[in-house]
Amino acid sequence: MDEGIKFFIGLDAHKDSTSVAACEAGREPARFAGTVGPDVRPLLKVLAKAGDPAQVSVVYEAGPTGYGLYRELRRRGYRCEIVAPSLIPRRPSDRVKNDRRDCTRLAELSRAGELKPIWVPDEAHEAMRNLWRAREDGLGMRLRARQQLKAFLLRHARRYPGKTSWTTRHERWIAEQCFDHEADRIALAEYQLAAQSADQRVQRLTFALTEATRGWRFEGVVAALRALRGIDTVSAIGLVCEIGDIGRFASARHLMGYLGLVPSEFAQRLEGSAALVQAICEPVFSRRAAQQGLRGGSAGVDRLRLGHCAPGVPQGFTGSITQRQAACGDATRNDGKNPRSDYQQKALGQPAHLERGSFHGRIDARW
């Protein structure tokens, strides 16, 4: 916590209102200060009660309102931060979520130093990103317009004999289609105009995006990314617009984590009463067994009644799933054999093939 900060302000900014909460340095809980309108002037009057802007820290969640409030508070001398909603620590016991609790929680977490601010682009970079996202929206609209046109033709059993769609030959084939009813001819013309308009929009935005990079401070980065195989001008601009300043990442691992290109692991073990474990897992695996039967799998899956253990597992066994699995044997091999083969080998005293750390519920016994 910065020693120069005396007040920590949490905001819950929305389209039509902004909720304000404040707490002082120390251990006192945050206080709800009230709700103001979306205009920044009423908010500045509330913040003025805290004293010197240099001693006030303001934080709020990233949302649809953009960075206008952040830039205005920074110009006024406040230390303002924006945090991602997904990175805000939340207690499992918090079952009530409203504006008052959100801003109060943000103020207390800011004082504790538990919030990590996001990178905020400058106005020029944000403008480039808006242009890039406008082109992405245009691509989506063109895709939908083309799909609607092809669906209309398919409803009339008009199938294009070629392999590649939306070429000059394909467009000529569409223009040659004739219908007996005037309504169908009008519908076809409107679908064609929509597809052509969407395509022209994408072309205009692509040209504007390419021209806008001239004189941009990341123009050199775009040129360097184009040297990589598979990356052209538009792709390079999109990478720079969405990532921003690559130098803000300490290592390639941090950059890959930001992009979500790293493997993730979520390991959870259920331990405790065998009856409780069965009550949690049995509905899931029963549903899975039913689905396997519908797909042609083994429908004759034997399930143990509540309170019974699988053969080879002592009564009252309360170990973890992994321990119970090791006691019975795990039939999760992808060798094309019957799912019951490993379990039968275990019952006959033969060694069962175990796959450590896996529990897919494909053995006969359902806990």
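List, in the order given, every pair from 49/116; 6/97; 45/116; 49/97; 15/45 whose Cα-Cα distance in the structure shown is over 24 Å.
On the way: 49/116 26 Å; 6/97 27 Å; 45/116 27 Å; 49/97 27 Å; 15/45 19 Å.
The answer is 49/116; 6/97; 45/116; 49/97.
Please check which bits of region 108-142 a label hung off residue 160 would reach, taking the label as a point 7 Å along Cα-to-C-beta and the cut-off as backbone N under 16 Å.
Taking a point 7 Å out along Cα→Cβ of residue 160, the residues of region 108-142 whose backbone N falls under 16 Å are 142.
Under the Kirkwood approximation for Rh and a Cα-based Rg, what ratio Rg/Rh is obtained for region 129-224? Walk me through the numbers before you get to the answer.
Numbers: Rg = 17.5 Å, Rh = 15.4 Å.
With Rg and the Kirkwood Rh in hand, the quotient comes to 1.14.
Between residue 189 and residue 208, what is the spin-label point distance in nm, taking each point 7 Å from the Cα along the Cα→C-beta axis?
So the two model labels end up 2.9 nm from each other.
At 7 Å along the Cα-to-beta-carbon direction for both residue 119 and residue 200, put a label point, then send me their distance in nm to one decimal.
3.8
Starting from region 151-214, pick out the GluC sites (Glu not before Pro) whose DSSP state is loop and whose Cβ has at most 15 other Cβ atoms within 10 Å. Intermediate values should be presented prior to the final figure.
Numbers: sites: 171, 176, 182, 190, 211; in loops: 176.
Of the GluC sites (Glu not before Pro), the ones in loops of region 151-214 whose Cβ has at most 15 other Cβ atoms within 10 Å are 176.
Note down, for region 62-124, the three equivalent ellipsoid semi-axes (square root of 5 times each alpha carbon gyration tensor eigenvalue), biggest first, whole angstrom.
Calculated on Cα positions only, the semi-axes equal 24, 12, 11 Å.
With just the Cα atoms defining each centre, how far is region 83-153 from region 171-207? Give it in Å.
Region 83-153 and region 171-207 have Cα centres spaced 35 Å from each other.
Through the Karplus equation 6.51 cos²θ - 1.76 cosθ + 1.60, θ set to phi - 60°, convert the phi angles of region 86-100 into ³J(HN,Hα) values in whole Hz; use x for Gly and Pro.
For region 86-100, the Karplus curve yields 6, 9, 7, x, 10, 7, x, 7, 6, 9, 10, 10, 8, 4, 5 Hz.
Could you check the spin-label model distance between residue 39 and residue 177? Points 7 Å from the Cα along Cα→Cβ, value in nm.
The answer from the label model is 5.4 nm.
Tell me which residues come under 5 Å, amide H to amide H, from residue 81 once H is placed; ignore anything under 5 positions away on its chain.
Long-range HN contacts for residue 81: 58, 59, 60.
Report the Stokes-Einstein translational diffusion coefficient (µm² s⁻¹, integer) for region 1-83, Rh taken as the Kirkwood radius over Cα pairs, at 37 °C with viscosity 0.692 mPa s. Don't jump to the answer; show the numbers that get you there.
Numbers: Rh = 12.8 Å.
Approximately 257 µm²/s, per Stokes-Einstein.
Computed from the coordinates by the stated procedures, all read-outs in this text should not be read as laboratory data. Note that the structure is predicted; figures quoted are calculated from it, not measured. Backbone-built Cβ (ideal geometry, glycine too); neighbour counts: all protein chains shown.
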